[in-house]
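These notes concern the structure reproduced below.
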Amino acid sequence: MTRLQRSRTLRWLCTLATVVALVIVLFPVYAVIVGSFESTETLFSGTYYWLPHAATLDNYRTVIQAQSGNVLTSLIVGVGTAVLALVVAVPAAYALAKYRLRVTVVIVSALLVAQIVPSIVLATSLFVIFHWIHLVNTYPGLIIADGTYAIPFSILVLRAFFFSLPNDLTQAARVDGASEWQTFQRIVIPLARSALITVAVFAFLNGWGDFIFALTILNGATIVPVTLGIYTYLGNYSTQWGAVMAAGAFAMVPAAVMLVVAQRYIASGLTAGSVVG
Amino acid sequence: MSAVTGVPSQSVGAGHGRGGAHVSGVRKARGFTLGRRQHLAAWLFLMPAILYVLFAFALPIIYNIMLSFEQTSPATIADITAPFAGLANYRFILDDPTSRTAIIHTFEFTFGSLVGQFIIGFSLALLFTLRFPGRTLGRSLIIVPWLLPLIVTGLIFRFLFQLEGGAVNQLLIDVGLVHQPIDWLDNPHLALVTVLIANIWLGVPFFTLLLYSALQDVPVQVKEAALIDGAGAWQRLRLVIVPIILPVIEVTLLLGFVFTVKVFDLVIALTGGGPANTTQLITTWSYNLSFQQFSFGEGAALNNVLLVLAMICAPLYLYMSRGSLRSSSGAEK
């Protein structure tokens, strides 16, 4: 075999390996979408159909009826988490990047360590604390809890982004007589737009996809996010697979939309984040 | 890159230190002047984050420690404190067979996940550094698992691993690897392996992306030099490439460890900790103790075991992130 032939074979083997990897990676997503159009009879037939078998919209009818309110709930939680993350993280990240304070090392260390804390540890305590201050089964309670995923990460990513902003800009604003707040609001925020969008998208998806805090902090039936709604389709003896699939397909829409729409921002934001070094 | 940004403000501080009423309250702190107003502004900017971290992290962690020494019952949940219980909750954790196996499962699960995720993730990362048709597509589609909320991923795997009508069994039978469908989820000897497979699937993209970007940063000259010196592919990988990207490998494994000891949603959806508690991890059993048996004290004690386990990584993580601990951009200049 000549050298050229060998390298050509090798390249095709690489493509083959990639195809196999992608099939394995994408199959569960494919299965959700196909499964969401299958009838209950097909899903419980005891045979797995690799291709759509007898397409129906029944599952979507069921889910739209049962989960519309839950989708709204999840949107509120997602947007709330994004807003909280921005309000808390943006000014903090700016201060940690642009003002030289003695506490910076302490705060940044605390944020790094906070990322390590398992959610179940927080959920157990927060449930009892929230019970005491009447935040159990409320939006603010859930949003504060969901913020624990996004806020430490957001501060660290935004801080890395603010490092990349030249100090001349803020310095010039100060010389022109702008207050610290004006400088932050009029100069820094507009320049940080892409990083802010990245952080907001990330926080939204955390709030949207959260399950553990929804399971623990919402102990009633009044506020039910989609993740919790899907979980209720899981029965002791029989699971409503059609509804699980259709609701699952719904649940991945925001992430898909955001990946497509905001990809440019996410890419630039995360590149900024990687400058951390 | 960031070293440049600190310089202008520094020269302003040093050069015009005594100019104008605006800088009258200037204090010299480590070679950088910060006006009192700026100092106040910085603290105000930080305040929401400080309050949040205290309320949502520090308070629950401290409260969790308190809870673990309390004699809780369904009746005490309405109160913020319960009678002191000494070490009773910890003694329970040590004596309770399910708690003990949950701790052991967590170790097995974490170790197995990291080994699987690293081997597959690194292989794919190496694959994507080669030039062949489809590599860009492969790289961009590999993050698709992140689209699904974890609870959905868990349920889909539950569907795919079903005894009857599950895609995995269907495939194995169609290909002829097995004759009888495998009971992936309800066989006590197999269920943890099934959860492990699902978690490896979930973690591979993270490993692939991080290791791929590290491999991209290996200078071409280094690889070429090794090639000219007659190093084979395996030697080049082991002696040249791995040592260069070792810091990234370490960070990736560390983060992978931290993510894996926390896994909860996936297990709850896939097996719920069953059959016969064989897939019960610290997280799921702690949830069960606190929220299903209402023994918050025992749950909190188990939580602390998990917290200690996760926190083993903290010093290492801080050390690896020491670059970002600098007090501000260009500080060392």
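The values are calculated or read from the model by the stated rules, or taken from the named source; none is laboratory data. Not measured: the values here are computed from a predicted model. Because the Cβ atoms are built from the backbone with ideal geometry, glycine has one as well, and the counts that use them run over all protein chains shown.
Considering only segment A:207-228, state which residues are within 10 Å of chain B (Cβ to nearest Cβ) and surrounded by 19 or more Cβ atoms within 10 Å (Cβ to Cβ).
Residues satisfying the conditions are A:208, A:209, A:210, A:211, A:212, A:214, A:215, A:216, A:225, A:226, A:227, A:228.
A quick yes/no check of all residues on (1) at pLDDT below 95; (2) out of contact with any His (no Cβ under 7 Å at 6 or more places or on another chain); (3) part of a helix (DSSP H, G or I):
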position: B:37; (1), (2), (3): yes, yes, yes
position: B:48; (1), (2), (3): no, yes, yes
position: B:52; (1), (2), (3): no, yes, yes
position: B:56; (1), (2), (3): no, yes, yes
position: B:67; (1), (2), (3): yes, yes, yes
position: B:72; (1), (2), (3): yes, yes, no
position: B:82; (1), (2), (3): yes, yes, no
position: B:94; (1), (2), (3): yes, yes, yes
position: B:104; (1), (2), (3): no, yes, yes
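Which of the residues that make up segment A:112-137 are more than 7 Å from every other protein chain (Cβ to nearest Cβ) and either assigned to a helix (DSSP H, G or I) or in contact with a strand residue (DSSP E or B) (Cβ under 6 Å, 6 or more places away or on another chain) (or both)?
A:123, A:127, A:130, listed by residue number.
Just one of (1) assigned to a helix (DSSP H, G or I); (2) touching a helix residue (DSSP H, G or I) at 6+ places or on another chain (Cβ under 8 Å) trips up residue A:172, so point out which.
Among (1) assigned to a helix (DSSP H, G or I); (2) touching a helix residue (DSSP H, G or I) at 6+ places or on another chain (Cβ under 8 Å), the lone unmet condition for residue A:172 is (2).
Answer yes if at least one residue in segment B:132-155 is farther than 30 Å from residue A:211 by Cβ and among the aromatic types (Phe, Trp, Tyr), and no otherwise. Lay out the reasoning, then the answer.
Of the residues in segment B:132-155, the ones farther than 30 Å from residue A:211 by Cβ are B:132-137.
When the remaining residues are screened for being among the aromatic types (Phe, Trp, Tyr), the result is B:132.
Checked segment B:132-155: at least one residue is farther than 30 Å from residue A:211 by Cβ and among the aromatic types (Phe, Trp, Tyr).
More than 12 Å from chain A (Cβ to nearest Cβ) and at pLDDT 95 or above: which single residue out of B:280, B:235 fits that description?
B:280
Among the hydrophobic types (A, V, I, L, M, F, W, C), in contact (Cβ under 8 Å) with a residue 24 or more places away in the chain and surrounded by 12 or more Cβ atoms within 10 Å (Cβ to Cβ): is that true of residue A:21 in this structure? If you could, list the steps in order and put the result at the bottom.
Numbers: among the hydrophobic types (A, V, I, L, M, F, W, C): yes; in contact (Cβ under 8 Å) with a residue 24 or more places away in the chain: no; surrounded by 12 or more Cβ atoms within 10 Å (Cβ to Cβ): yes.
In short, no.
Can you name every residue in segment A:195-248 that is among the hydrophobic types (A, V, I, L, M, F, W, C), modelled with pLDDT under 90 and under 27 Å from residue B:286 (Cβ atoms)?
A:202, A:221, A:234, listed by residue number.
From B:203, B:230, B:165, grab the single residue that is more than 25 Å from residue B:120 (Cβ to Cβ) and surrounded by 18 or more Cβ atoms within 10 Å (Cβ to Cβ).
B:165
Suppose we filter A:238, A:194 for residues that are more than 30 Å from residue A:128 (Cβ to Cβ) and assigned to a loop (DSSP other than H, G, I, E, B); which single one remains?
On the way: A:194 fails: assigned to a loop (DSSP other than H, G, I, E, B).
Of A:238, A:194, the one residue that is more than 30 Å from residue A:128 (Cβ to Cβ) and assigned to a loop (DSSP other than H, G, I, E, B) is A:238.
Name, by its number, the condition in (1) at pLDDT 90 or above; (2) within 27 Å of residue A:51 (Cα to Cα); (3) crowded, with 23+ Cβ neighbours inside 10 Å; (4) of a type outside the set (Gly, Ala, Ser) that does not hold for residue B:211.
(2)
Looking at segment B:158-189, which of the residues that are at the interface with chain A (Cβ under 7 Å from one of its Cβ atoms) and within 27 Å of the chain's Cα centre (by Cα) is nearest to residue A:241 (Cα to Cα)?
Checked segment B:158-189; the qualifying residue nearest to residue A:241 (Cα to Cα) is B:159.
Which members of segment A:234-248 meet the condition of being more than 8 Å from chain B (Cβ to nearest Cβ), touching a helix residue (DSSP H, G or I) at 6+ places or on another chain (Cβ under 9 Å) and surrounded by fewer than 22 Cβ atoms within 10 Å (Cβ to Cβ)?
A:240
Is it the case that some residue within segment A:71-92 is of a type in the set (A, V, I, L, M), farther than 30 Å from residue A:188 by Cβ, touching a residue at least 60 places away in the same chain (Cβ under 8 Å) and more than 10 Å from chain B (Cβ to nearest Cβ)?
Yes, segment A:71-92 contains a residue that is of a type in the set (A, V, I, L, M), farther than 30 Å from residue A:188 by Cβ, touching a residue at least 60 places away in the same chain (Cβ under 8 Å) and more than 10 Å from chain B (Cβ to nearest Cβ).
So is residue A:123 under 22 Å from residue A:228 (Cα atoms) and crowded, with 24+ Cβ neighbours inside 10 Å or not? Even if it seems obvious, please write down each step before you answer.
Values: under 22 Å from residue A:228 (Cα atoms): yes; crowded, with 24+ Cβ neighbours inside 10 Å: yes.
Answer is yes for this residue.
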